[in-house]
Structure formats: structure tokens, C-alpha cells
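The values are calculated or read from the model by the stated rules, or taken from the named source; none is laboratory data. Here the structure is a predicted model, which is why all the values come from computation and not from measurement. Every residue, glycine among them, receives a Cβ derived from its backbone with ideal geometry; neighbour counts consider all protein chains shown. Only protein heavy atoms, including side chains, enter the accessible area calculation; ligands, DNA and RNA are left aside. Shrake-Rupley method; radii C 1.70, N 1.55, O 1.52, S 1.80 Å.
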Amino acid sequence: MQNARSTALKALYNIEKSGAYINIELKKCLDSAEISDADKRLATEICHGTVKYKINLDFYIKNASSIKINKISPYVKIILRMGVYQIKYMDKIPVSAAVNESVKLAKRYGGARSGGFVNAVLKKIANSEIEYPKDKAEFLSVKYSYPLELCEKFISDFGFDFAKDIMEKSLERPKIYIRVNTLKISVDDFLKILDGEGIKYEKSALCPDAVRVSNLGLLLKSKHFSDGLFYVQDLSSMLACRILAPKKGASVLDICAAPGGKSTYIAQLMQNDGEIYSSDIYEHKIKLISENAKRLGIDIIKPCISDATAENKAYFDKFDFVLADLPCSGLGIVNKKPEIKYSVTQNDISNLADMGLEILNNCAKYVKKGGTLVFSLCTFTKDEGEENVKKFLSQNKNFALEEIDIDIENDGFITFYPHIYGTDGFFTAKFIRID
């Protein structure tokens with residue numbers, strides 16, 4: 001029999017077993033589950049929360065279990081994590097319900113003995129609190145559920161208090177933004193539609209076309225979506241386009257463009273007048289760019305398959321504006337994709353920084369004299385951002401940083417820390433070709 005918890009368990013088991021992305025695996029399980037919308041919401045909350053707090057939940061289990069955690073069967077371990085999450089982080093669920101439902105699952109997947117074990121562990125956890133480690137990095141690791149290596153790196157880069165604030169912010173629910181398509185409707189007129197339909201919203205102070213909404217699901221099912229009146233897009237992605245500041249009639253290259261959010265906003269800022277080459281390495285992603293452009297009523301985008309790590313001589317000195325939103329560690333969007341933090345290592349960060357610099361150096365060759373190059377990442381590590389700016393300028397003497405026209409003090413680059421700016425964590429730098 002399917003219910004919210006068994007659906008969450010199925011998704012979590014597949015995520016743990018195969019390293020699947022939480023959003024993709026959860027959607028697959030929810031689509032195949034014959035459960036109510038309320039149960040789907042509960043399954044989503046349990047699934048995301050269990051992944052988000054995994055290290056923390058395991059610490060609770062280690063302190064309460066008579067069996068070493070690596071000896072507990074995968075299903076039972078996940079059931080315990082789900083139970084601990086409900087007990088410690090979901091106020092609206094009674095402890096008795098969290099324990100009883102976990103026991104039922106354990107019996108189904110592990111037999112009567114597993115049910116008794118889960119019952120004993122969860123009741124012990126419900127009636128006790130853990131003592132966090134005194135070592136600063138270990139404390140952050142357990143409290144905010146980040147691997148120890150990342151905690152040590154963040155402390156080294158930012159100091160303990162700043163690192164703590166970054167991690168704490170990453171546990172908050174992500175803000176959902178949409179971008180009003182001003183090619184079809186003004187922001188004020190679109191807000192009147194939201195008012196008329198009782199949808200709560202909040203305008204962004206950083207981007208005039210961005211609106212934070214509370215009921216995205218309702219909007220996605222509406223005629224307003226199919227008519228192309230808005231596009232779902234992270235605020236950081238919109239800001240990168242505004243920092244690029246493309247002009248009407250310009251030639252633009254958007255590197256790593258799929259699924260098309262940045263390209264379509266650039267087109268919007270250009271009033272659908274000019275030429276935009278939107279490149280990505282995968283054909284199926286290129287199709288997404290075309291589909292999104294068509295829905296939004298944009299016809300100046302030219303989707304194209306291209307490997308950003310390979311130099312493209314056909315692009316040399318071709319573009320007035322180049323946006324290089326590059327592959328990175330993704331640590332700035334952990335609140336949306338919590339699984340990211342468990343797989344990123346310092347070695348990964350270093351390799352991604354090297355690849356980013358390689359792509360950035362390629363992009364420099366595509367910019368016309370006097371043209372603009374914007375470099376952006378959905379992370380905040382110094383290796384991938386600030387350090388690569390220094391290396392890029394040392395290797396490209398014909399480029400200089402240009403102050404970003406935004407109400408934030410800067411010298412041509414900004415690290416948007418989520419706990420300071422209320423955005424995703426991201427980095428951006430703006431260069432001008434000066435020869």
C-alpha cells in the first residue's frame with residue numbers, strides 16, 4: 001500500500017543507491033504514486049528534509065543505536081533517518097505518529113525484529129538531545145550536515161562565524177522566483193493578474209522583472225504560463241543577465257545556455273532585437289532552449305551545439321557581449337539541491353576551477369574590441385571565483401574589470417553570499433576588452 005512515507009522511502013533508497021538527483025527521482029516516484037496531493041507534499045517534505053539533514057540524522061542514530069550505523073541495512077537506515085527528521089524537524093507531526101509509521105515501514109522492509117529495533121531507537125532519540133562536538137569543523141558538520149572537508153575549507157576561507165551563517169542559510173526553504181516576460185506584458189499588469197487570482201508575491205529589490213511567488217504550482221497550470229507571460233528563473237540567473245546589460249541590436253553569445261532562461265532574458269532586455277547564439281553541449285538541452293524561446297515569443301535566439309572547453313575559431317572577435325555562466329561546484333544552490341554538498345570535494349573544486357579558467361580564456365577570444373564579457377557561477381568558493389578572476393586578468397592583458405552597475409559596492413566582481421543578499425550563493429565578474 002502506497003502512502004507519503006513509503007513513496008519518500010522509495011525515492012530516498014534510489015537516491016542513496018544510485019546517486020540520483022533528488023528532484024528527478026522524487027518526481028518519478030510521485031508521478032507513479034497513487035496518493036493524494038497532501039500526501040505528495042508530505043513525501044516531498046520528508047524526502048528533501050532527510051537528504052538535507054543526512055549527517056545530522058546519522059549522528060542522532062549513532063548515539064542511540066546499539067548497532068553500528070554501517071551495519072544497519074540500507075532500508076532500515078533510511079527509515080530511521082526519515083523518522084528522526086519527523087521527530088526533530090517537523091513540528092506538526094506527533095512523535096507517536098512518526099515512530100509508529102516508521103515501525104510499520106521497518107516491519108514491511110526488514111521484518112518484526114527491524115520493527116522492534118526502529119521502535120527502540122526512535123523512542124530513545126525522541127526523549128533525548130545530542131551533545132554536539134566541540135571541534136569547530138566537526139560542530140558545523142553535524143549541526144548543518146556538511147562533510148567535514150567542506151567545513152574545514154569554509155572555515156579556512158571565511159572564518160567560523162561566516163561559514164556558519166552560509167551553512168545555516170542553506171537549510172532554509174528556497175525562494176521561488178519568476179521573471180515577467182515584458183515582451184508580452186508589463187510587470188504592473190502581471191501583478192494585477194496575481195492580485196486578481198489571490199496569489200501572494202513579493203517584488204525583488206535587485207531585479208525589476210523578478211517576482212517571488214508562493215504558489216508556483218498553480219501558476220504553472222495556468223494559461224499565463226502557456227501564453228508565455230512569465231518564466232521560472234533563479235534571481236541569480238536574472239542578475240547575471242542584467243549585469244551583462246546587452247544593448248538592442250547587439251550580437252550576444254550565451255555559453256552553457258540550456259535550458260534557456262538566461263538567453264531568453266537577454267533577448268527580453270534587447271527587446272527581441274539583435275542576435276543571440278545560445279550554445280550547449282547536449283542536443284536534448286538545445287531543444288529546451290528552442291521550446292522556451294517559442295513560448296515566450298522570442299525569435300532572435302540561435303541555439304547551437306558547442307563544447308565550451310574547445311576553442312571555436314568561427315566565434316573569434318564576433319560578439320559584442322558574451323555571458324559565460326560556467327560549470328561549477330554548485331554550492332550556492334544547496335538549498336535547492338541538498339545532495340550536492342555530499343559529493344563535492346576540494347579536488348572537485350580545484351578541477352572545476354581549472355576547467356572554468358580554460359573556458360573563460362576561450363570566451364575572451366570571442367569578444368569584439370570594446371565588448372563585454374560576464375563570468376558567473378552558482379557557487380561562492382574563492383577558488384572558482386575570485387582566484388580565477390586574478391588568473392584571467394594575468395593571462396589576458398587586453399581585458400579589465402568594469403564596475404558592475406548595481407546598488408552594491410564592487411570593483412567589477414561580486415560574491416553574492418545567500419545570508420547577506422537573500423539570493424542563491426553565486427559569483428559574477430564583468431570584464432571589458434580594452435585593446
query = Residues of region 36-52 being touching a helix residue (DSSP H, G or I) at 6+ places or on another chain (Cβ under 6 Å) and open to solvent by 20 Å² or more (accessible area, probe 1.4 Å), which ones?
reply = Asp39, Lys40, Leu42
task = Could you check, for region 307-328, whether at least one of its residues is touching a strand residue (DSSP E or B) at 6+ places or on another chain (Cβ under 6 Å), polar (S, T, N, Q), touching a residue at least 24 places away in the same chain (Cβ under 8 Å) and farther than 30 Å from Phe154 by Cα?
result = no
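Go through region 306-328 and give me each residue that's part of a loop (DSSP other than H, G, I, E, B), touching a helix residue (DSSP H, G or I) at 6+ places or on another chain (Cβ under 8 Å) and among the small types (Gly, Ala, Ser).
Here is the first cut: in region 306-328, the ones part of a loop (DSSP other than H, G, I, E, B) are 306-312, 316-318, 326-328.
Still in the list and also touching a helix residue (DSSP H, G or I) at 6+ places or on another chain (Cβ under 8 Å): 308-312, 326-328.
Ala308, Ala310, listed by residue number.
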ask   = If you take the residues of region 386-405 that are buried (at least 16 other Cβ atoms within 10 Å of the Cβ) and either in contact with a Gly (Cβ under 9 Å, 6 or more places away or on another chain) or modelled with pLDDT under 95 (or both), which of them is farthest from Asn362 (Cα to Cα)?
value = Ile404
Ala33 at pLDDT below 95 and either among the β-branched types (Val, Ile, Thr) or in contact with an Asp or Glu (Cβ under 9 Å, 6 or more places away or on another chain) (or both) = yes
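Kindly indicate which of Ile93, Ile67 is aliphatic (A, V, I, L, M), assigned to a loop (DSSP other than H, G, I, E, B) and open to solvent by 60 Å² or more (accessible area, probe 1.4 Å).
Working: Ile93 fails: open to solvent by 60 Å² or more (accessible area, probe 1.4 Å).
The match here is Ile67.
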key: Every residue from region 1-42 that is of a type in the set (Asp, Glu) and either more than 22 Å from Gly83 (Cβ to Cβ) or within 20 Å of the chain's Cα centre (by Cα) (or both)   = Glu16, Glu25, Asp31, Glu34, Asp37
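Among the helices (runs of 4 or more DSSP H) contained in region 329-435, which hold 3 or more residues that are more than 25 Å from Leu235 (Cβ to Cβ)?
Because the criterion is at least 3 residues that are more than 25 Å from Leu235 (Cβ to Cβ), the helices (runs of 4 or more DSSP H) in region 329-435 that meet it are 346-364, 386-395.
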task = Find the residue count for region 278-288, including only residues that are open to solvent by less than 40 Å² (accessible area, probe 1.4 Å) and either modelled with pLDDT of 95 or more or outside any helix (DSSP H, G or I) (or both).
result = 3
remark   = Scanning region 248-270 for residues that are of a type in the set (S, T, N, Q) and under 20 Å from Leu235 (Cα atoms) gives Ser263, Thr264, Gln268
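Please state which one of Lys123, Lys169 is closer than 28 Å to Ile333 by Cβ and not aliphatic (A, V, I, L, M).
Answer to the check: Lys169.
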Answer residue from region 289-305, given it is open to solvent by less than 30 Å² (accessible area, probe 1.4 Å) and assigned to a strand (DSSP E or B) and is farthest from Ile359 (Cα to Cα) among those = Ile301
ask   = Say we look at region 132-149 and pick out the residues that are in a loop (DSSP other than H, G, I, E, B) and of a type in the set (Phe, Trp, Tyr); which of these is surrounded by the most Cβ atoms within 10 Å (Cβ to Cβ)?
value = Tyr146
request  = Determine, yes or no, whether Thr415 is open to solvent by less than 60 Å² (accessible area, probe 1.4 Å), in contact (Cβ under 8 Å) with a residue 12 or more places away in the chain, of a type in the set (Val, Ile, Thr) and more than 27 Å from Pro174 (Cβ to Cβ).
outcome  = no
ask   = For residues in region 78-90 being more than 10 Å from Val118 (Cβ to Cβ) and of a type outside the set (A, V, I, L, M), which is surrounded by the fewest Cβ atoms within 10 Å (Cβ to Cβ)?
value = Tyr89
message = Out of the helices (runs of 4 or more DSSP H) lying entirely within region 159-260, which hold 2 or more residues that are among the aromatic types (Phe, Trp, Tyr)?
response = 160-170
note = Here the residues within region 17-35 that are surrounded by fewer than 18 Cβ atoms within 10 Å (Cβ to Cβ) and assigned to a helix (DSSP H, G or I) are Lys17, Ser18, Asn23, Ile24, Lys27, Lys28, Asp31, Ser32
query = In region 309-340, how many are open to solvent by less than 20 Å² (accessible area, probe 1.4 Å) and within 26 Å of the chain's Cα centre (by Cα)?
reply = 11
inquiry  = Residue pairs, Cβ under 6 Å, 6 or more apart or interchain, first in region 359-372 and free of Cβ contacts under 8 Å to residues at least 60 places away in the same chain, second open to solvent by 10 Å² or more (accessible area, probe 1.4 Å). List them.
reply    = Asn362/Glu311; Lys365/Phe316
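Does Ser170 qualify as being loosely packed, with under 15 Cβ neighbours inside 10 Å, at pLDDT 95 or above and out of contact with any strand residue (DSSP E or B) (no Cβ under 6 Å at 6 or more places or on another chain)?
So Ser170 does not fit the description; no.
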query = Just checking, how many residues over region 222-251 are free of Cβ contacts under 8 Å to residues at least 60 places away in the same chain, open to solvent by less than 10 Å² (accessible area, probe 1.4 Å) and more than 19 Å from Ile185 (Cα to Cα)?
reply = 0
